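The values are calculated or read from the model by the stated rules, or taken from the named source; none is laboratory data. The structure presented is a predicted model; accordingly, all values stated were derived computationally and were not measured. All Cβ positions, glycine included, derive from the backbone under ideal geometry; neighbour counts span all protein chains shown.
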Amino acid sequence: MNLQVNAPDLLPADLSMGTVMLKVGDMAKVSAYYRGALGLEIVAEADGGQYLGRAGVPVVHLAPAPGLQVASRGEAGLFHTAVLFETQADLAATVASAAQYDPAAFVGSADHLVSEAFYFTDPEGNGIELYYDKPRDTWNWDTTASGREVRMASLTLSPQAYFREHLTEAALANLKTADAAVGHVHLQVGDTAVAESFYVDTLGFERTAGFHGQALFVSAGGYHHHMAMNVWNSRGAGPRRDTLGLGEVLIAVPSADDVAGLADRLKVAGISSHHTGAELRFEDPWRNRLRIAVG
């Protein structure tokens, strides 16, 4: 399959990441985690599943899939869903809530230069990043052989020091009403070069950073990254089995013309898709399912 297209078409600069759908084996346990640990609430229910979010905005869609197995560590799929908070106090409050709910679910934290992030794992092994973006005018961009790349790192970030500086009683009290949304989605894939061919050359994201062939970061509109792909656990992985974990990644674009333009690029690249006019469904080379919709 040819993943290249000739036209340098880019995704719209003002796209946003939408709800991440997870296939779940134990709905009660997983739903309890996202509600109790992260302060999400049920926004809607459909087909036995739940849309959980804040202030009426869904973040994750938990879809019941009781007959499926947990994916192995080396398979392609979800690395983490990254939930973005508007203030450091809101981030600190959610991290504190998650740490209190299940301390063992905490797996790390880092200052990434462009953001401050804390990492957790839900009861079925799905990765979660909770993060705050530093002001864009503090981000640094370098010119490299691959183009313009944002400068990122993984520096020490102490949760206790973060709490002392940013945690407030007001933020804890308003945990369930403070804004939160999916900021980016990070996938496990089998090969970052193939990922770049698909996500950059075909879909129209712009490459924003890479890491020695181990990770790729892409975005629209100069964001540090809307999506990322790595091979840290999954180098050489082929198409996914139908397992628990990632079901679908939603990307919202401003207009039906944006959806139609991408549908045309996929057709030229020989990639099958289902186009209804307002939305477009297709899979990446590892059978990670994506949906582009007007929103």
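What are the residues in the stretch 261-277 that are part of a helix (DSSP H, G or I), within 18 Å of Phe205 (Cβ to Cβ) and not β-branched (Val, Ile, Thr), if any? Outline the logic, then answer.
So the first thing to find is which residues in the stretch 261-277 are part of a helix (DSSP H, G or I), and the list is 261-268.
Still in the running and within 18 Å of Phe205 (Cβ to Cβ): 261-266, 268.
Result: Gly261, Leu262, Ala263, Asp264, Arg265, Leu266.
I need the helices (runs of 4 or more DSSP H) fully contained in the stretch 141-218, keeping only those with at least 3 residues that are of a type in the set (Asp, Glu) and under 30 Å from Arg73 (Cβ atoms).
Values: elements: 159-166, 169-173, 192-196.
It comes to none.
Can you find even one residue in the stretch 231-249 that is among the small types (Gly, Ala, Ser), surrounded by 20 or more Cβ atoms within 10 Å (Cβ to Cβ) and over 21 Å from Thr19 (Cα atoms)?
Looking for residues that are among the small types (Gly, Ala, Ser), surrounded by 20 or more Cβ atoms within 10 Å (Cβ to Cβ) and over 21 Å from Thr19 (Cα atoms), one finds at least one in the stretch 231-249, hence yes.
Is there any pair linking a residue in the stretch 188-213 that is within 22 Å of Arg291 (Cβ to Cβ) to one that is among the aromatic types (Phe, Trp, Tyr) and assigned to a helix (DSSP H, G or I), with Cβ under 7 Å and at least six apart or on different chains, and which?
Phe205/Tyr199
Report whether or not Gly247 is assigned to a strand (DSSP E or B), at pLDDT 95 or above and closer than 30 Å to Gly25 by Cα.
Details: assigned to a strand (DSSP E or B): yes; at pLDDT 95 or above: yes; closer than 30 Å to Gly25 by Cα: yes.
Criteria met by Gly247.
What tally of residues in the stretch 92-123 results from selecting those that are of a type in the set (Asp, Glu) and under 17 Å from the mean Cα position of the chain (by Cα)?
2
Just wondering, is there one or more residues in the stretch 201-209 that are among the hydrophobic types (A, V, I, L, M, F, W, C), modelled with pLDDT of 95 or more, surrounded by fewer than 19 Cβ atoms within 10 Å (Cβ to Cβ) and closer than 19 Å to Tyr131 by Cβ?
No: the stretch 201-209 contains no residue that is among the hydrophobic types (A, V, I, L, M, F, W, C), modelled with pLDDT of 95 or more, surrounded by fewer than 19 Cβ atoms within 10 Å (Cβ to Cβ) and closer than 19 Å to Tyr131 by Cβ.
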